[in-house]
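Have a look at the structure below, then the notes.
Quick note: the coordinates plus some simple rules give every number you see, no bench work behind them. Since the structure is predicted, the reported quantities are computational estimates derived from the model, not experimental observations. With ideal geometry, Cβ positions are generated from the backbone for all residues, glycine too; neighbour counts draw on all protein chains shown.
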Amino acid sequence: MHDPHFCGLDYLEAAILATSNDGTLVYFNPAAHDLFGLKDDQLGLSLAACLSPESAVVAAVGTALARNVSITEYELLLPVPQGEIYVTLTAGPIERAKQTLALVEIRQIDQQRRIANEERLQAQQLANRELIRNLAHEIKNPLGGIRGAAQLLSSELPSPHLKEYTQVIIEESQRLQSLLDRLLTPHRLPQLSELSIHEVLERVRSVVLAETPNGLAVRRDYDTSLPNLIGDREQLIQALLNIVRNAVQAMAGVGEIVLRTRVARQVTLNRQRFPLAIQVQIHDNGPGIPEQLKDTLFYPLVSGRPGGTGIGLHLAHTFVSQHRGTIEFDSRPGDTCFTLHLPLNGWQAATPIQGSTS
């Protein structure tokens, strides 16, 4: 598995296999180990024996070696121990130490779609931010005039009953002003410091339990060995709080939320590779995200809740993106999970993945 000639392939997310010209397995990387359940003692056996004689991987290797060409199979349904998955499979001959080998690369299509969706969302977020910023500035001036006029009118009205109406205008203007300030919040410079993700989560947990004292359980599943990361404490608190609040509101305050942390190694986020990242998962047993909202969930002003502003998840995505991290979600009735990846060195130079979609 750890052949020094292939050590550069150990860190790829794609599954990589190599065979000799007679089909003997000579190398597989950790991703292939996870995908096929391969073991080190299988090195030196035929690929057909390690997978199965009917495997499309075996057939691709045989074709590549027999014809001395590279072949690619798109949207191939591949049986693996966990079930069946759709992959893109590329197999081709390479020369090493005067020997012809076959090198196989297998990428799960959902990985490619995830990255493409993340890039599309990033581009949409940039356009949305600029639009919102311009709109906010345009709205703030007349809004201030409305509030000021209502305050002056209130001081001139003789009847307390009439003043109630002006008070409504003043309070609603203040609420809109607060909303505009929240829309503009992502544009401030981050305040970086070393922080513990568990301290951030504990703050979120205490706030949510204080807001919803009855009917809500918030369970912890922390990896206490996680190192600290560099980030903006307030931004991360707000991002995680918005996600958890969204879950609480979806459950109408009754249900269970699980806060889970793990370490992720050699992750690729937004086409940049990081040796270490912190994975935060927020599970809830609520009704799930409506199907019609899944593609636009992080867009501003999109909400599945009556009276919702659609700002919370947009801000969460913005703050996590500023940390060079990612947010993904998987949702079905009774089980919704938001997964955040935050690189430990997100504010330092990361390794770009050139010409890759991993």
If each residue's Cβ is checked for other Cβ atoms within 10 Å, how do Glu171, Glu13, Glu234 rank with the fewest at the top? Glu171, Glu234, Glu13
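Starting from the Cα gyration tensor of the range 4-109, take the square roots of the eigenvalues, sort them a ≥ b ≥ c, and report rounded, prolate or oblate (rounded when a/c is under 1.5, otherwise prolate if a/b is larger than b/c, else oblate). All intermediate terms of the calculation are to be shown ahead of the outcome.
On the way: a/c = 1.38, a/b = 1.18, b/c = 1.16.
Verdict is rounded for the range 4-109.
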Please arrange His33, His323 by how many other C-beta atoms lie within 10 Å of their C-beta, fewest to most. His33, His323
